[in-house]
Amino acid sequence: MPNTKQPEASHYINGQYVEDSAGKELVTRYPATGEVVASLYAATNNIVDHALAAADAARASWAAMTGSERGRILRKAADIIRERNRELSVLETLDTGKPLQETLVADAASGADCLEYFGAIAAGLTGEHIQLGKDFAYTIREPLGVCVGIGAWNYPIQIACWKAAPALACGNTLVFKPSEMTPLSALKLAEILTEAGLPDGVFNVIQGYGETGGALVDDSRVAKVSLTGSVPTGRKVYAAAAKGMKHVTMELGGKSPLLIFDDASLGDAVSAAINANFYSSGQICSNGTRVFVQKGILPEFLARLKERTQKAIIGDPLDEATNFGPMISQAQFDIALSYIKKGIDEGATLVLGGKAHHKGGLYVEPTIFSDVTDDMAIAREEIFGPVMSVLPFDTEEEALRRANDTEFGLAAGVFTSDLTRAHRVVAAFEAGTCWINTYNLTPIEMPFGGTKASGVGRENAKAAIEHYSELKSVYVGMGPVEAAF
Ligand code: NDP
């Protein structure tokens, strides 16, 4: 089996690989062929306890290091990731089925950017001085303690880095649980952090299903939980964290709108609609799956969109010419096809695709529906597959009202050459992350996250620091203390 990538053991705790074969078996397969990539074990209670104990024991000395010492380690890890980008990208492609063409630029590379960014700002994380006449106050920025990260399967190493980098920069320790479908790259990240000089126990990885995530969230040693996942899981994890009054970051799902006005650059708008729906075979949380197109340009938009989408190269994700891969799993494949059937049954017009790909496997054709109405399931529910809904509109006011008519609020985009309108529209969007004349770019320097049911808190940029640290306020009296009696 050429694509076997069996790690030394299932978990990485206290700077080393750890196994406990009493755990439930956890097999990861290459989605393109179904061949087994690795066979691991889910964490037992002992492993969960071991990881949390390691993170708890490591936290005082890690927090006591200076920000510049911590930052140096994160930046070194970023360099190692860049040196090993191809190897890590191949691993990510085997685990997720995403084309190597994508993973080479979007996964480990984004993780390295994140470690570098938070490595660079770690030394500058401070409190402030507040003068109060002769008295004064100051604030101390403190880490939260042991944090738990729980990841989704679509961007495994990126998600692990997006949680680890700010958490560690602030002086926290972390136990990370990847999705059971993509267990491998977080283990590599743990190895790399150790190689970069991270003290044992500061970053730990344990494998498992939802119940392992639940056990981590419930543990009283945990101060903060950061989840990337679906809205239903988010509701459960948020509620469980509330029992212990724990800090949370919730990066959840979406059904984001992309508004294309008739004065937009049509070629760019078509490119953005393709990126917003078919990159990673549509398995991206912030995708703009409701594409609202002003009626005057609708026929030309659809013609150009269809012509370009037909050029997708569907094939083996390890072939660098491939730019469209399979779904991650049978379950996700079934979900995508069931929504396509719903779209057809509800009366939307199928412009392109609509079937499993003739080559077999878990490939679903890039699918475009037009004449979609706001009440259809394909326009209301997150599919997490390559299914684009195109909805015609007349006016800006109408488009905005319909764009915001959703429980989600992760992202939104607008294409127009009218500068004033672009800013007016994003100001009115009920969404955490917006784009003007582009879509789905998520540099580490820009905060990322959702509003409404799509989440709580922000990842990346300076904003993430507020979610991985807290302020202690200190009032200093400089004169006599007065009392009533
Ligand atoms: P899930 O919500 O199914 O799972 C997310 C993670 O939570 C997995 O590691 C899962 O474990 C774990 N989990 C499941 N149940 C529990 C529980 N009760 N307590 C603790 N942990 C639990 O999401 P998917 O993995 O299917 O990912 C797809 C979803 O993620 C989509 O909705 C997508 O929009 C969203 N997403 C959001 C992003 C964002 O930044 N906003 C980015 C990427 C994806 P296991 O998988 O082992 O069951």
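The values are calculated or read from the model by the stated rules, or taken from the named source; none is laboratory data. Computed from a prediction, not measured in an experiment: that's the story for all the values here. Glycine also receives a Cβ, built like all others from the backbone with ideal geometry; neighbour counts cover every protein chain displayed. Protein only, heavy atoms only, side chains kept; ligands, DNA and RNA dropped before computing areas. Shrake-Rupley method; radii C 1.70, N 1.55, O 1.52, S 1.80 Å.
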| What spacing in nm lies between the two simple spin-label points modelled at V476 and D394, each 7 Å away from Cα in the Cβ direction? | 6.6 nm
| Charge sum, other residues only, whose C-beta stays under 12 Å from L74's C-beta, Lys/Arg counted +1 and Asp/Glu -1 | 0
| request: Enter the per residue convex hull volume of the chain, computed from alpha-carbon coordinates, in Å³ rounded to the nearest integer. | output: 168 Å³
| request: Go ahead and estimate [θ] at 222 nm for the chain from helices alone: -39,500 (n - 2.57) per DSSP H run with n ≥ 4, summed, over the residue count, rounded to 500. | output: -12000 deg cm²/dmol
| request: Would you please give the FRET efficiency between I313 and T139, computed as 1/(1 + (r/R0)^6) with r the Cβ-Cβ distance and R0 = 45 Å, to the nearest 0.05? | output: 0.25
| Rounded to the nearest 0.05, what FRET efficiency is calculated for E35 and R86 with R0 set to 25 Å and r the Cβ-Cβ distance? | 0.75
| task | For the range 46-148, restrict the atom set to alpha-carbon positions and state the Rg and Dmax in Å. | result | 19.0, 63
| note | Ordering D20, D375, D56, D394 by the accessible surface of their heavy atoms, 1.4 Å probe, largest first, yields D375, D394, D56, D20
| query | Sorted from largest down, what three extents in whole angstroms do the Cα atoms of the range 23-65 have along their principal axes? | reply | 48, 24, 9
| query | Hey, quick one: spin label on N45, modelled 7 Å out along Cα-Cβ, who in the range 195-229 has an amide N within reach, i.e. under 20 Å? | reply | 206-222
| request: Could you state the orientation-averaged shadow area of the convex hull built on the Cα atoms of the range 61-219, in nm² to one decimal? | output: 10.3 nm²
| query | Roughly speaking, what is the stretch gain from A484 to E19, that is 0.36 nm per residue apart minus the C-alpha to C-alpha distance, in nm to one decimal? | reply | 160.9 nm
| remark: Mean separation of Cα contacts under 8 Å (at least 6 apart) over the residue count of the chain, i.e. the relative contact order in percent, is 18 percent
| field | Dipole of the range 192-294, positive end: most advanced residue of T228, A272, T212 [Cβ charges, Cα centre] | value | T212
| message | If a paramagnetic tag sat 7 Å from the Cα of D418 along the Cα-Cβ line, which residues of the range 262-292 would have the backbone N under 13 Å from that point? | response | 262-264
| task | Using R₀ = 60 Å, calculate the FRET efficiency as 1/(1 + (r/R₀)^6) where r is the Cβ-Cβ separation of T349 and Q6; round to 0.05. | result | 0.80
| note | Expressed in square angstrom to the nearest 10, the accessible area of Y238 with a 1.4 Å probe stands at 110 Å²
| request: State log₁₀ I(q)/I(0) for the range 371-439 at q = 0.12, 0.15, 0.25 Å⁻¹ as given by the Debye formula over alpha-carbon point scatterers of equal weight, solvent excluded. | output: -0.32, -0.51, -1.36
| Using a 1.4 Å probe on the protein chains only, how many percent of the accessible area of the chain belongs to carbon and sulfur? | 53 percent
| What length, rounded to one decimal in nm, is gained on full extension from D405 through to L132, with 0.36 nm per residue of separation minus their alpha-carbon distance? | 93.6 nm
| note | The answer for the chain, accessible area per residue at 1.4 Å probe in Å², is 39 Å²
| query | Label-point separation (nm) for A321 and D375, each offset 7 Å from Cα along Cα-to-Cβ? | reply | 4.8 nm
| If one computes the Cα centroid of the range 109-156 and of the range 261-325, what distance in Å separates the two points? | 37 Å
| query | Between C434 and A57, 0.36 nm times their residue separation minus their Cα-Cα distance comes to what? | reply | 131.7 nm
| note | Share of Cα-Cα pairs in the range 370-485 beyond 21 Å, whole percent, is 53 percent
| Among the listed pairs K98/K462; K188/K452; K24/K359; K243/K462; K246/K452, which are separated by more than 23 Å between their Cα atoms? | K98/K462; K188/K452; K24/K359; K243/K462
| request: Scale the Cα Rg of the range 363-410 by the rule-of-thumb value 2.2 N^0.38 Å and send over the ratio, two decimals. | output: 1.23
| query | So what's the net charge close to G409: Lys and Arg +1, Asp and Glu -1, counting the other residues with Cβ under 11 Å from its Cβ? | reply | 0
| Counting only protein chains, not ligands or nucleic acids, how are H50, H423, H467 ordered by accessible area (probe 1.4 Å), most first? | H423, H50, H467
| query | What is the set of long-range amide H partners of T249 at a cut-off below 5 Å, with H atoms built 1.01 Å from backbone N? | reply | V225, S226, L227
| field | Stokes-Einstein D in µm²/s, Kirkwood radius over Cα pairs - the range 402-462 at 37 °C with 0.692 mPa s viscosity | value | 272 µm²/s
